[in-house]
1. At R0 = 22 Å, how high is the FRET efficiency between residue 62 and residue 104 if r is their beta carbon distance? Nearest 0.05 is fine.
2. Determine, at each q value in 0.12, 0.17, 0.22 (inverse angstroms), the log₁₀ of I(q)/I(0) that the Debye formula gives when each Cα of the stretch 73-140 is one equal point scatterer.
3. Amide H neighbours of residue 8 under 5 Å, at least 5 residues apart or on other chains, H built in the peptide plane: list them.
4. Taking the Cβ-Cβ separation of residue 18 and residue 119 as r and a Förster radius of 22 Å, what is the calculated FRET efficiency to the nearest 0.05?
5. Give a residue-ordered list of calculated ³J(HN,Hα) values for the stretch 132-140 (Karplus: 6.51 cos²θ - 1.76 cosθ + 1.60, θ = phi - 60°; whole Hz; x for Gly, Pro).
6. Where in the stretch 22-66 is the amide nitrogen less than 16 Å from a point lying 7 Å along the Cα-to-Cβ axis of residue 95?
7. Can you put 82, 132 in order, fewest other beta carbons within 10 Å first?
8. Can you work out the Karplus-derived ³J(HN,Hα) for every residue in the stretch 71-88? Use 6.51 cos²θ - 1.76 cosθ + 1.60 with θ = phi - 60°, whole Hz, and x for glycine or proline.
Amino acid sequence: MHQIFFIGHQEDVAELEVDENPANSFVCMSSQQFHRDARAQLYALVCGGFLADALEMELLDRELADEGPYLYRLEETLMGKLADLEEDQVEDFASLWTECEEIEALDLDANDLLDFIFLLVHFCQTACNDDLGVYIYSDS
């Protein structure tokens with residue numbers, strides 16, 4: 001399942017059509033191999049909460065069609081916590097994240113984790129500074 005993170009204004013995102021690629025209208029980044037369950041483990045670490053709660057931090061914004069694609073929005077508290085991370089904190093969370101079961105199963109290089117987190121933090125900083133949202137486009 002391929003997923004794309006993008007930042008945008010709520011009104012612009014609401015105009016996204018079912019056959020429209022968000023990469024044509026918004027600044028995007030790939031979720032790479034980091035699926036929802038793996039990302040939730042990062043969210044739990046950053047927010048200091050439970051995994052079950054972290055799984056709910058990607059909120060369904062809307063279905064573009066009955067069978068997808070779907071748009072999700074990062075919960076605002078999570079977005080703020082990610083945006084507030086300092087560089088050394090990102091490195092600490094990346095180290096902790098490598099110990100999570102979902103990440104261990106992906107067998108990734110530590111630099112892949114760091115790159116993903118740094119880019120996600122940058123997206124959240126931009127969104128917070130410009131009153132935008134961080135969205136996830138999922139084809140299933």
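1. Computed FRET efficiency for residue 62 and residue 104 comes out at 0.05.
2. At q = 0.12, 0.17, 0.22 Å⁻¹ the computed log10 ratios are -0.35, -0.67, -0.99.
3. So residue 8 has HN proximity to 133, 135.
4. Taking R0 as 22 Å, the efficiency between residue 18 and residue 119 is 0.25.
5. Values per residue, Gly and Pro as x: 10, x, 9, 10, 10, 9, 10, 7, 8 Hz.
6. 46
7. Going from sparsest to densest Cβ surroundings: 132, 82.
8. Once rounded to whole Hz, the list reads 10, 10, 10, 5, 4, 5, 4, 4, 4, x, 5, 5, 5, 7, 5, 8, 4, 5.
The numbers here are math on the coordinates, done by the rules we state, and not lab data. Since this is a predicted model, take the numbers as computed values, not measurements. Positions of Cβ are generated from backbone atoms using ideal geometry, with glycine treated the same way; all protein chains shown enter the neighbour counts.
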